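As structure tokens, the structure follows; a few thoughts come after it.
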Amino acid sequence: MADALDRIARWRADPGAVQGCPVCGTPGVEIIDRSARPYSEWYVLKCAACGLDASLHIPLPGPATY
Ligand SMILES: [Zn+2]
């Protein structure tokens, strides 16, 4: 899971770069951004090589409330 988050961080930093599958390591894993900002971020990772179809949910602090 930490590795997957690391890959998403790298993907966001450089969306054009090919990312490897966090499970099998095959390059070219598909990352789909389904985020509902500013409340949460959703990413779907799909890998044709090993059949990975995982959703990652990253909670965001959302708008600041005081
Ligand atoms: Zn894979």
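The values are calculated or read from the model by the stated rules, or taken from the named source; none is laboratory data. None of the values given here were measured: they were computed from a predicted structure. Neighbour counts are summed over all protein chains in view; Cβ atoms, including those assigned to glycine, are modelled from backbone coordinates with ideal geometry. Just the protein is used for accessible areas: all its heavy atoms, side chains included, with ligands, DNA and RNA removed. Shrake-Rupley method; radii C 1.70, N 1.55, O 1.52, S 1.80 Å.
Within the stretch 27-40, take every residue that is open to solvent by 50 Å² or more (accessible area, probe 1.4 Å) and either touching a residue at least 60 places away in the same chain (Cβ under 8 Å) or touching a Leu at 6+ places or on another chain (Cβ under 8 Å) (or both) and give me the one that is farthest from ALA54 (Cα to Cα).
Looking at the filtered set, the residue picked out is PRO38.
Within the stretch 35-61, track down each residue that is touching a Lys or Arg at 6+ places or on another chain (Cβ under 9 Å), in a loop (DSSP other than H, G, I, E, B) and over 15 Å from ASP3 (Cα atoms). Full working, then the answer.
Here is the first cut: in the stretch 35-61, the residues touching a Lys or Arg at 6+ places or on another chain (Cβ under 9 Å) are 41-45, 52-55, 60.
This time we only want the ones that are in a loop (DSSP other than H, G, I, E, B), so: 52, 60.
Listed by number, the list holds a single entry, LEU60.
Between LEU52, LEU5, LEU45, which is more than 15 Å from the ligand (Cβ to nearest atom) and surrounded by 12 or more Cβ atoms within 10 Å (Cβ to Cβ)?
Numbers: LEU52 fails: more than 15 Å from the ligand (Cβ to nearest atom); LEU45 fails: more than 15 Å from the ligand (Cβ to nearest atom).
None of the others qualify; the one that does is LEU5.
If the Cβ limit is 7 Å and pairs must be 6+ apart or interchain, which residue in the stretch 10-26 that is among the aromatic types (Phe, Trp, Tyr) pairs with which residue that is within 16 Å of the ligand (Cβ to nearest atom)?
TRP11/GLN19; TRP11/ILE31
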